[in-house]
Each structure stands twice: as C-alpha cells, then as structure tokens.
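What follows is a single structure, and I will ask about it in a moment.
All of the numbers you see were taken from the coordinates with simple rules; none came from a lab. Not measured: the values here are computed from a predicted model. Note that we place each Cβ from the backbone using ideal geometry, even for glycine, and neighbour counts take in every protein chain shown.
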Amino acid sequence: MTATPVKAAVLGDSRPSRFRVAALQNRVLGVLAFLVVLFVFFGALAPNFANFDNINTIALNASILVVVACAEATVVLTRNYDLSVGSVVALASYVGFDVIRLHPGAGPILAAVPMALGALCGAVNGALVGYSGVPSVIATLGTMSIFRGLAYVYAAGRQIDLKDLPDWVDKGVNGHVLGLAVLPLIAVVVAALAGFLLRYLPLGRQIYAVGSNPQAAAFYGLNAPSVVFRAYVLCGLLTGLAAFLFGARVTYVVPYLAQGLELTVLAAVVIGGVSVLGGSGNVVGAAIGAVAITAIDNGLVLIGASDFARQFMQGAAIVAAVVVDAFVQRRVGEIVRAMQRAGRR
Amino acid sequence: MPPDATTPRLSVVGVSKHFGGVRALTDVGFAVAPGAVHALLGENGAGKSTLVKIVTGVQPPDSGQILLDGQPARFASPVAARAAGVVAVYQDPKLFPHLDVAENVFVGMYPQTRLGLVARRRMYARAQSLLDTLDAHLDARQPVLGLSIGEAQYIEFARAMAAGEPRLLFLDEPTAALTPAETERLFRLVTRMKDRGAAIVFISHRLEDLRGFVDTVTVLRDGRHVLTRPAATLSESEIVSSMVGRAVDQLYATPPSSPVAREERLRVEGLTAPGVFNDVSFSVAGGEILGVAGLVGAGRSEIAQAIMGLLREPTSGVVTVAGVKVPRPSPRRMQELGVVYLPEDRDGVGLVVSQSIETNLTIAALKQISRFGLIRRRPERRLAERLMGELSIKAGGVGDAVATLSGGNRQKVVLGKWLATTPRVLILDEPTHGVDVGAKAQVHRMIAELAAAGLAVVVISSDLPEVLGVSHRILVVREGRIVASVDRAEASESGIMAAATGAGRIAA
C-alpha cells in the first residue's frame with residue numbers, strides 16, 4: 001500500500017482555502033455586506049431612505065460615532081472596555097468649549113483642549129485598568145459617573161451657547177471643503193489613520209498581542225500594563241476629538257451631552273467585527289459598524305418606529321453581533337484545524 | 001566543572017529561590033560548556049523550570065550568581081536575556097492565536113523602518129527565511145490559530161533565532177508533544193546549533209530521548225543539585241535513581257500476560273469522518289488494554305473524540321457499547337453507557353483546582369451520593385476517601401485543595417473522578433504526557449490494575465516504549481487509517497515506527 005491513494009481518499013476535495021479563512025477572519029467584508037443589506041432593506045421600506053439628502057444625513061450623523069468607535073475599538077482590542085466614553089464627551093466638550101469661549105482670540109489651536117482633556121480622562125482609566133488591575137468594566141463604570149459628575153459640577157447649571165463661541169468652531173466643523181462636508185472627512189481620516197497606526201506602529205501590534213494572549217505578552221517582555229494604559233490614552237484622545245465635534249454640532253453644550261453613548265459605541269464596535277475577547281478585528285470594521293448603527297437608527301425613524309423600538313433594536317444588534325462573533329471565531333478555528341490536518345499529510 | 005579548560009558558557013553559583021514557604025532551589029551550582037548539549041533532569045518539582053526562569057530573567061534569584069562566559073549576568077526580563085543570546089523554548093509554546101506566524105516570531109522586537117513603523121514586508125521575509133532554515137513547513141502569513149503543538153514549537157525556535165544565533169538555548173521538554181519524526185528533526189537542528197558553538201540545555205523526562213545525544217547530565221532533586229557528569233559515564237538506571245532518590249527496578253509495570261477472555265465492551269465499525277479519518281474498525285474487551293500508536297496528527301485523538309460524540313466534523317459508522325448500538329454518540333449518552341474519555345489537555349477540562357480533592361472526585365458521581373437531589377455528606381466523604389486510597393493520591397486529606405497537589409497526583413484525581421462513575425470503558429489520551437518518571441510508573445501500574453479489575457482500556461500514546469509496555473494489543477494509525485494491529489508479543493519498536501511513518505520513509 002502506498003501513501004498516495006490514502007492521502008487522496010482521506011483528503012477528498014474538502015480542503016478549505018486560505019481565502020475562506022482570511023475572509024472569515026477579516027470581517028470588514030462581512031460588515032460591508034451587512035451595510036448593503038441594510039440599505040436595500042430600508043430603501044425598499046422607506047422611499048426617502050436611499051436618496052442623496054438622507055445618505056448625507058446618515059454620513060453626518062455617523063461621523064462622530066465613527067470617531068468614538070475607533071477610540072473604543074482600540075481599547076476593546078486589548079480585551080478591555082471603556083464605558084466612560086459618553087461622560088468623557090460631556091466633560092471634555094463642556095470644559096473644552098468653556099475654555100474656547102473665554103479665549104476667543106486664540107484660534108483653532110484650542111481644539112486641542114478637549115482632546116487633551118479626553119486624553120487625561122483616558123489616562124485615569126488606563127491607570128486604573130492597566131496599573132491597578134481593576135477590571136475594566138468596573139473601573140470605567142465608576143469613571144463614567146465621576147466624569148459626568150465633574151461635568152455637572154463644573155457647569156453648575158449653565159450651558160454654552162454656540163452663538164457665544166468664535167466663528168471658526170462652526171465654520172470648521174460644519175463647513176465644507178471642496179464641496180464635501182468636513183465632519184465625514186474627519187471621520188474618514190481618523191479611521192484610516194487609526195487603522196494604519198494599529199497595523200504599523202509597534203504599539204499597535206502590542207495592543208493586538210496583549211488582547212490576544214495577555215500572559216504570553218507579559219512573558220515576551222511586552223509591558224502589558226503600559227500597553228493597556230496607552231490604549232486608553234489613545235481612546236481618550238480620540239474621544240476628546242469627538243467631544244469637540246459633538247459640541248460644535250449642537251446648539252447648546254450641556255453636561256448631559258452624549259448620555260448612553262457607550263452602548264451605541266459598543267454596538268458599533270462589535271457589529272464591526274472587533275471581538276469582545278480581544279486581539280481580533282480592526283478599527284475600519286468598527287467605523288463601518290458605526291455607519292451601520294446610524295443607518296439602522298435612521299431607517300427606523302423613517303419607517304416610523306417608536307423610540308422604544310429603536311432602543312430595542314440597538315440592544316438586539318449588540319447581542320446578535322456578539323453571537324455572530326462567537327460563531328465566526330469557532331468556525332475559523334475549525335477551518336484552520338482542518339487545514340492543518342490536511343497540511344500535515 | 002567541565003573537563004576542558006575553557007570558560008563555561010553558563011555557571012550557576014549557589015542559586016537559591018523560594019516561593020512563600022516552598023524552597024524551589026537550594027544552593028544550586030553547576031556549569032554548562034559551550035558547544036555542548038547539557039541535559040537538565042529531575043522529577044516534576046525538582047526545580048528545573050525555576051532555574052531556567054532565573055537564568056532567562058523571568059524571575060530573580062533570592063541569592064546566588066549567574067555567570068555567562070565568566071561575566072556576571074542578571075537579566076531584568078526575558079527580552080534582555082534574548083538580546084544577550086540567552087533564550088528558552090518551552091514545551092507549551094506561548095503564542096498569540098489571532099496574530100499570524102511572523103508577528104508571533106517577532107513579537108516585542110518588530111523590525112522597524114526609520115520612521116519607527118513596523119517594517120511588515122521585511123518582517124514576513126525574515127520570518128519566512130527563519131522558518132525555512134528550520135525546515136518548518138509553515139507560511140509566515142498563516143494565522144497561528146489552530147496550529148499543533150509541534151508546529152507551534154517551530155515558531156518558538158524561529159523566535160529564539162530571530163535576535164541572532166543564540167549563545168545559550170534552553171529547551172524545556174521540547175519533545176513531549178512531538179512525533180518521532182519531528183523529534184528527529186529537532187535533534188538535527190539542535191546539533192547544528194551546537195556545532196556553531198551554542199550551549200544547549202535540554203530539559204526532559206524522556207530519558208530515551210537523550211541516549212547518544214547529550215554530552216553532560218545534571219540532575220536536580222527537590223531543588224538541590226545531585227550530580228553533573230559526562231553522559232557517557234552514566235547508565236540510565238543511575239540517572240533514574242538519582243532523580244527519584246531510590247532505585248527504580250522497572251519503569252513499566254508488566255500487564256497480565258494475556259487478558260482473560262471476556263465479553264466485548266466497545267466495538268467500532270467503519271467509523272469515518274471525511275478529511276480526518278477513514279474506515280476505522282476495532283474492538284476492545286473487558287480486561288484488555290488496547291494501545292493506539294501513531295504520529296501526532298494521525299487522527300488518533302479525533303477517533304476517540306468521534307466515539308465520544310465530541311468531534312465537530314460529521315461522522316459515519318457504527319459504535320457499539322457492550323452490545324448496545326449507539327447511532328448518534330453524545331458525551332452524555334456515552335457516559336451513561338460507561339465510556340469515559342480522558343483528553344490530553346486534562347488541566348483545562350478536568351479539574352476545579354481551587355476546590356477540594358473531595359469535591360473534584362465526586363463531581364461526576366453526584367447521583368450516586370445524593371438523595372432527593374441533595375448531596376449526602378457521609379457517602380460523599382466515603383467515596384472520596386475510597387478513591388483516594390485506591391489511587392494512592394498523596395495529600396493531607398480529602399479536604400485539601402487540588403491546587404496544592406503535584407502534577408502526578410492531579411492526574412490521579414482526574415482519573416478518580418471518572419472511576420467514581422464505575423465506567424466500563426476507559427479511553428486515555430496521552431496519559432503520561434508531561435508526567436515525571438515516578439508518577440509515570442504509577443500511572444502504568446494503575447492502568448494494569450484497572451484492566452485486571454475488568455475494565456476495557458484504550459491507551460492513546462505517542463510514547464512508543466509506553467505503548468509497548470502497557471498494552472496487550474497495539475493498533476497503529478497513520479493518516480487517518482488503522483494500518484496495523486499487532487499483539488504485544490509480536491510488537492517491536494521498529495516495527496510500529498515503520499507502520500506509523502509509512503515504511504521506507506524512516507529507516508527503522
């Protein structure tokens with residue numbers, strides 16, 4: 001008996017392709033497909049869903065969520081969560097715009113103030129989770145209240161009117177460049193840049209490694225606490241940027257801005273194929289997930305669904321995405337194992 | 001001290017280390033010469049791994065000194081050690097499953113561009129060339145998820161060489177999970193590194209691995225240095241007795257010459273899972289020990305999993321337990337029928353280590369000791385004490401936490417947990433993988449006793465002397481097929497090896 005016929009008989013033609021694994025692992029394609037399905041679905045139900053104006057609205061509404069989703073994804077990749085993003089947006093935008101209001105002559109450089117505030121909040125979260133070892137859900141649940149509380153205390157019942165702010169704020173954020181709205185452009189640049197840095201910056205690869213196997217990361221000399229800390233700072237920085245954009249979009253900056261944002265963002269991240277178990281997924285997926293969430297919400301409004309239905313759908317979307325994630329992870333494992341078996345023979 | 005006058009590559013001088021009240025190492029000192037293979041032997045808990053961790057900068061010593069080429073060396077981290085050419089390859093590779101092979105090889109020391117970005121193309125090219133040097137048939141871009149332990153070990157090797165040629169290489173039980181062919185390849189690789197001047201410290205339980213390969217032997221026992229001598233001057237039994245501190249006459253308990261003819265317990269006919277294994281048929285009777293030999297990846301574990309209904313791939317064929325046909329096996333159904341499978345990864349699935357021995361022993365047999373759905377304390381205690389006695393589990397009492405037990409004793413607890421359910425068929429997958437010599441002999445004796453008590457036992461093992469030593473009959477699996485079935489009397493190591501690898505591929 002020679003080995004060849006056995007090999008052929010055992011393998012058959014069930015040998016899976018590398019492509020399938022790659023396709024399953026990189027779920028950006030899947031999220032894109034989901035987005036297309038959404039557009040077809042709502043387009044059929046609501047005649048004014050798929051027209052240019054509405055798509056423009058979706059793009060504008062999704063932009064800020066995209067930025068926060070990129071921020072959240074960075075932390076989720078390390079196998080942690082940041083539940084405080086909504087509060088960070090409130091605190092950073094209120095305090096940030098107060099500073100901008102008081103220094104009208106300083107110019108657009110002051111857009112860095114909310115970002116710095118966000119980074120500071122991120123540093124607090126990162127220190128708690130990375131260095132003190134507090135489970136991220138508990139730590140950021142706590143800071144969620146702390147940051148929101150600080151915003152209320154600082155505001156002391158006041159609100160900041162967009163009219164009191166220098167012109168560059170409104171023009172800069174709500175304006176157009178070469179006929180394109182600035183806000184979606186910023187979102188695209190942020191997603192592309194964050195995606196690039198996570199792939200090409202050593203810190204980016206360490207973020208993936210720490211999320212994939214924290215013990216091994218420590219073993220190979222990666223300073224896991226420091227990596228987690230820096231991921232939170234990055235998250236805070238981007239959330240601070242979102243805070244600036246958010247504040248410039250609303251008529252009044254108030255301390256109860258962005259209530260419940262953390263859940264919407266988590267939904268976007270998970271739908272975007274970032275595994276809640278860490279180490280897998282990317283920010284571009286999360287960004288598309290944010291667009292999908294926004295499109296769902298927009299579509300539900302157009303078909304006349306109630307507020308409750310929208311909240312229900314958001315929760316259902318998170319749960320469904322996590323179930324899909326678990327399924328895909330398992331399926332990838334199976335296919336890869338089958339490939340290994342085939343490869344060994 | 002080594003016989004030659006050159007400076008040793010590594011000198012360990014009076015190193016001590018303790019964890020809480022446990023003394024892991026006490027005043028250990030020996031030297032390793034460059035360009036030589038040095039075996040570091042000892043039972044589980046003898047302090048070998050602690051020593052490796054101290055030298056490679058994972059843990060600092062409490063006292064004592066490490067000299068590298070005569071210079072004091074104390075590395076702050078494994079990364080610092082690796083930069084100095086001191087690396088360790090572990091038996092359980094520590095990998096990042098979501099990342100690809102190249103990223104795993106270069107983790108923590110990515111090649112970078114002038115801008116400080118990861119030079120991805122260079123990373124893949126270098127990883128691929130390292131893998132090719134190692135003769136590893138791995139693609140640098142392939143995801144690590146799902147690699148076998150043997151394949152994963154290549155990544156560890158590539159990693160060890162990524163920072164340059166290692167000066168001092170620790171191999172911690174590297175052959176434990178390898179097939180004979182993979183082991184041979186590993187030896188060739190190690191020989192090549194040694195010829196280029198590296199010092200290699202080889203940690204192993206498998207004494208048979210070391211014959212003719214090792215230049216010097218160091219034995220540790222209970223955290224103390226016992227001996228360091230040229231391998232040529234030591235006999236195997238001398239090594240073993242210095243490891244366990246007493247003479248060991250026999251490593252393998254002899255099974256009863258032939259099983260008393262009893263009724264068939266497990267019959268498998270035409271079991272097939274496309275792409276995994278094909279047309280597998282065999283049967284085991286009560287009192288019989290059936291060995292299943294073959295290379296890692298030949299499909300042996302998968303066959304066992306299919307019998308238990310644990311395999312994900314669709315399976316066809318007939319499984320019969322004690323005359324009862326089981327059309328669609330499920331773990332629960334098989335357990336009801338008295339078939340127990342102990343997978344290779346016992347710690348992961350078998351034990352709640354923070355709980356007491358008693359809780360662990362009785363968890364699978366709660367029905368027996370309960371009335372009206374409530375657990376009765378006294379029968380539970382009796383059952384646990386009986387099993388602890390039968391298996392001679394060494395502990396203060398049944399109330400001790402499993403976490404306090406040694407590896408060998410934990411193994412017994414897993415076995416005891418299933419014996420409590422009074423099974424009829426026992427399928428053991430690599431029952432002595434990573435177990436030290438003394439405990440190994442005990443496991444073998446236990447297998448023989450269980451069979452003598454009437455149990456049908458299937459032993460899947462990559463350890464050839466073990467299969468030959470414990471089994472009445474041996475099946476050889478190659479590429480998903482049973483290629484040979486041999487009686488113990490006619491079985492030889494070379495014959496089984498030839499069948500397992502496909503005759504002619506390896507000169508047996």
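Could you quote the convex hull projected area for chain B, Cα atoms only and averaged over all directions, in nm²?
Values: hull surface 104.7 nm².
That works out to 26.2 nm².
Could you work out the Rg to Rh ratio of chain A, with Rh taken as the Kirkwood radius (inverse of the mean 1/r over all Cα pairs)?
Rg divided by Rh gives 1.04.
Within chain B, what percent of beta bridges assigned by DSSP are antiparallel, to the nearest 5? Walk me through the numbers on the way to the answer.
Details: 45 of 80 bridges.
Roughly 55 percent of the beta bridges in chain B run antiparallel, per DSSP.
Just to be sure I understand: of the beta bridges DSSP finds with both ends in the protein assembly as shown, what percent are antiparallel, rounded to 5?
Percentage antiparallel, nearest 5: 60.
Going down the table (B:Lys17/B:Lys417; B:Lys53/B:Lys194; B:Lys48/B:Lys412), which pairs top 30 Å between alpha carbons? Present the calculation step by step, with values, prior to reporting the outcome.
Numbers: B:Lys17/B:Lys417 35 Å; B:Lys53/B:Lys194 21 Å; B:Lys48/B:Lys412 23 Å.
Where the Cα-Cα span goes over 30 Å, the pairs concerned are B:Lys17/B:Lys417.
Could you pull out every whole DSSP H run in chain A that spans at least 24 Å of Cα extent along its own axis and averages 0.5 or higher on the Kyte-Doolittle scale?
Details: long enough: A:28-45 (26 Å, 3.00); A:52-76 (34 Å, 1.47); A:85-102 (25 Å, 1.54); A:136-155 (28 Å, 1.21); A:182-200 (26 Å, 2.24); A:224-249 (37 Å, 1.42); A:283-302 (28 Å, 1.90); A:307-344 (55 Å, 0.32).
Long hydrophobic helices here: A:28-45, A:52-76, A:85-102, A:136-155, A:182-200, A:224-249, A:283-302.
For chain A, modelled as a GNM with alpha-carbon contacts under 10 angstrom, which of A:Leu165, A:Leu117, A:Leu234 fluctuates the most?
A:Leu165
Sticking with this one: Over the Cα atoms of region B:277-429, what Rg and Dmax result, in angstrom?
Every Cα atom of region B:277-429 included, Rg and Dmax give 16.8, 49 Å.
Could you pull out every residue, at least 5 positions away or on a different chain, whose amide H is within less than 5 Å of the one on B:Asp62? Hs are placed 1.01 Å off N in the peptide plane, and Pro or chain starts have none.
B:Ser16, B:Lys17, B:His18
Okay, helix-only estimate at 222 nm for chain B: each DSSP H run of n ≥ 4 adds -39500 (n - 2.57), divide by all residues, round to 500 deg cm²/dmol; what do you get?
That comes out to -9000 deg cm²/dmol.
Given the options A:Met144, A:Met115, A:Met313, state which has the largest fluctuation in a GNM of chain A using a 10 Å cut-off (strictly under) for Cα springs.
Its mean-square fluctuation being the largest, the pick is A:Met313.
Something else about it: Which ordering of A:Thr140, B:Thr26 is given by a fewest-first count of other beta-carbon atoms within 10 Å?
By the 10 Å Cβ count, ascending: B:Thr26, A:Thr140.
A follow-up question, please. Scan around B:Thr56 for amide H atoms under 5 Å from its own, H built in the peptide plane at 1.01 Å from N, and keep only partners 5 or more places away or cross-chain.
Result for B:Thr56 returns nothing.
Hey, what angle do you get for helix B:120-133 against the long axis of chain B, alpha-carbon based, 0 to 90 degrees rounded to 10?
Between the helix axis and the principal axis of chain B, the angle is about 70 degrees.
Just to check, using Stokes-Einstein with a Kirkwood Rh over alpha carbon pairs, what's the diffusion coefficient of region B:1-159 at 20 °C and 1.002 mPa s in µm²/s?
D = 121 µm²/s.
Now, a different point. List the trypsin sites (Lys or Arg not before Pro) in region A:101-158 that DSSP assigns to loop (not H, G, I, E or B) and whose Cβ has at most 15 other Cβ atoms within 10 Å. Which are they? Present the calculation step by step, with values, prior to reporting the outcome.
Values: sites: A:Arg101, A:Arg148, A:Arg158; in loops: A:Arg158.
Qualifying residues, ordered by number: A:Arg158.
Over region A:59-259, calculate the relative contact order: mean separation of alpha carbon pairs under 8 Å at least 6 apart, over the residue count, as a percent.
47
What does the average come to when, for each residue of peptide B:105-114, you count the partner chain Cβ atoms lying within 10 Å of its Cβ?
4
If you split all Cα-Cα distances of region A:59-259 into 5 Å bins from zero, what percentages do you get per bin, shortest first?
Result, from short to long distances: 1, 8, 16, 20, 18, 15, 10, 7, 3, 1, 0 percent.
For region A:83-141, just the Cα atoms, rotate onto the principal axes and tell me the three extents in Å, largest first.
43, 18, 12
So what are the ³J(HN,Hα) numbers for region B:384-399, from phi and the Karplus equation (6.51, -1.76, 1.60; θ = phi - 60°), rounded to whole Hz, Gly and Pro as x?
Along region B:384-399, the couplings run 4, 5, 4, 4, 4, x, 4, 8, 6, 6, 8, 7, x, x, 5, x Hz.
Mind listing the long-range amide H neighbours of B:Ala285? Cut-off is under 5 Å, sequence gap 5 or more, other chains count too, H placed in the peptide plane at 1.01 Å from N.
When sequence neighbours closer than 5 places are left aside, the close amide H contacts are B:Arg265.
Turning to a different aspect of this structure: What percent does the relative contact order of chain A come to when contacts are Cα pairs within less than 8 Å and at least six residues apart?
Details: 560 pairs, mean separation 114.1, N = 345.
So the answer I get is 33 percent.
Follow-up question, since we're still on this one. For region B:131-150 and region B:276-305, compute the distance between their C-alpha centroids and round to whole Å.
Cα centres, region B:131-150 to region B:276-305: 27 Å.
Related question: Per DSSP helix of 4 or more residues, -39500 (n - 2.57); summed, then divided by the residues of chain A. What does that give at 222 nm, rounded to the nearest 500?
Result for chain A, helices only: -24500 deg cm²/dmol.
Can you give me the angle between helix B:180-195 and the longest principal axis of chain B, using Cα atoms only, in degrees from 0 to 90, rounded to the nearest 10?
The two axes meet at around 10 degrees.
Okay, next question. Taking the alpha-carbon centroid of each part, what is the distance from region A:280-300 to region A:186-236 in angstrom?
21
A further question on this structure: Other chains near B:476-483: what is the mean number of their Cβ atoms within 10 Å of each residue's Cβ?
Numbers: counts 0, 0, 4, 9, 7, 4, 0, 2.
Mean partner shielding for this stretch: 3.
Taking region B:343-422 on its own, what percent of its Cα-Cα pair distances exceed 16 Å? Before the final figure, lay out each step's value.
Values: 1362 of 3160 pairs.
Every Cα pair in region B:343-422 considered, those over 16 Å come to 43 percent.
What is the average number of partner chain Cβ atoms found within 10 Å of a Cβ in B:271-281?
For this peptide, the per-residue mean of nearby foreign Cβ atoms is 3.
Taking 37 °C and 0.692 mPa s as the conditions, I'd like the Stokes-Einstein D for the protein assembly as shown in µm²/s, using the Kirkwood hydrodynamic radius from alpha carbon pairs.
This corresponds to a translational diffusion coefficient of 108 µm²/s.
Moving on to the next point. In whole percent, what relative contact order does chain B give with Cα contacts below 8 Å and a gap of six or more residues?
Once divided by the residue count of chain B, the mean separation gives 15 percent.
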